[in-house]
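Scroll down for the structure; my scribbles are underneath it.
What follows draws every value from the coordinates through simple rules; no lab data is involved. Since this is a predicted model, take the numbers as computed values, not measurements. As a convention, Cβ positions derive from the backbone with ideal geometry for all residues, glycine included, and neighbour counts pool all protein chains shown.
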Amino acid sequence: MRLAVITDEISTDLAHALSVMREYGAFGAELRNIWNKNIADISNDEAQQAAKIVKDAGAEVVCIASPVFKCDLESDISPAPGMTHNAAEKPMEEQPNVLRRCLEIADITGAELVRVFSFWKRGKLTPEIEKRIVEELASAAEVASKYGKTLVLENEYSCYIGTGEETARVIRDVGAPNLLAAWDPANAFFAGEIPYPNGYNAVRSVTAHFHVKDAARKDTGEAHIVPVGEGQIDYYGQLKALKLDGYRGWYSLETHYAPNGGSKEDGTRICLRALIAMIEKIENDQP
């Protein structure tokens, strides 16, 4: 299993993040926020510098975790209902430029994948809205194909497409070979789906990238992030299923967790240790 980390889950200091990752045998760098800049806003020189730092660390850039389509589908409505990770908020009409910029950064850094979203959720996902999402993703995939890149749609509970079932349906409707899924079980959990087996069974055939973070529900029913392996998501079953299905992509940690009195780096170290322990148990299991 190939381990990756969204580097700013450790630090926006890329070199330091890679140093920590190396301690745990994680050599995949997913770039979202480096040097306190969203990846969509860095310069060509900064992208080249990032590529060199990653290469010198013996790692590779596996995905550009872009903010593409983390915007309102129709018009600007404030505030944003989800995380933006230092991305400059840009309206729908500017998203094609954001996409092209992220594809250029993928070219410079050598990333094969560019993560995209499905617009801020403002009410119910109607057939009309889903049709618009399919149209926009189809156009984006066509642009990405000219760069030789694959877009991975992340299911995101603060966006319209939050579950595995919704993600698989939209990807099938787009029908582009270079639009696949960045499957995030925790986001599906927040969206009210049982991530494994239900969500994964829907999205398994279109999964090209995999995000790891864990979650649980309080007595009130509110979902919250917890250390990997301590939540209500069947990660052991999920990871084993990925192995049995022959998944060859990256297992990318997106911690979103810091212990009380601790840092994001502390939380990521805790989660990396837990994830590695689960992977080792699965690897040692008898068929």
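What the table shows:
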quantity	calculated
Amide hydrogen neighbours beyond the local backbone of LEU253, cut-off 5 Å, H modeled	ALA4, VAL5, ILE6, VAL212
Radius 14 Å from Cβ of LYS281, net charge of other residues (Lys, Arg +1; Asp, Glu -1)	-1
Residues ASP266 and ARG172, FRET efficiency given R0 of 25 Å [Cβ-Cβ distance, rounded to 0.05]	0.05
Ranked packing of 121-133, 54-66, 192-204, most packed first, by mean Cβ within 10 Å	54-66, 192-204, 121-133
Average silhouette area of the stretch 158-238, convex hull of alpha-carbon atoms, in square nanometres	5.2 nm²
Potential lengthening between GLU74 and GLU222 on full extension [0.36 nm per residue; Cα-Cα distance subtracted]	50.4 nm
Equivalent ellipsoid semi-axes - Cα gyration tensor, the stretch 2-284, angstrom	26, 23, 18
For the stretch 6-25 versus the stretch 184-229, the gap between their alpha-carbon centres in whole angstrom	24 Å
Within straight-line cross-link reach of LYS146, lysines at Cα separation under 28 Å, skipping those fewer than 8 residues along the same chain	LYS37, LYS52, LYS55, LYS70, LYS90, LYS131
Estimated vicinal HN-Hα couplings, Hz - the stretch 135-148 in sequence order (Karplus 6.51, -1.76, 1.60; Gly, Pro = x)	4, 5, 5, 5, 5, 5, 5, 5, 5, 4, 5, 5, 9, x
Added length on full extension, which subtracts the Cα-Cα distance from 0.36 nm per residue, ALA277 to GLN48	79.0 nm
Amide hydrogen neighbours beyond the local backbone of GLY162, cut-off 5 Å, H modeled	GLU156
Segments 146-155, 252-261 sorted - mean Cβ within 10 Å per residue, highest first	146-155, 252-261
Residue order, fewest to most surrounding Cβ atoms within 10 angstrom, among TRP35, TRP183	TRP35, TRP183
Whole-Hz ³J(HN,Hα) from phi, Karplus 6.51 cos²θ - 1.76 cosθ + 1.60, for the stretch 124-130, glycine and proline x	6, 7, 8, x, 5, 5, 4
Mean separation of Cα contacts under 8 Å, 6 or more apart, over the residue count of the chain: relative contact order %	16 percent
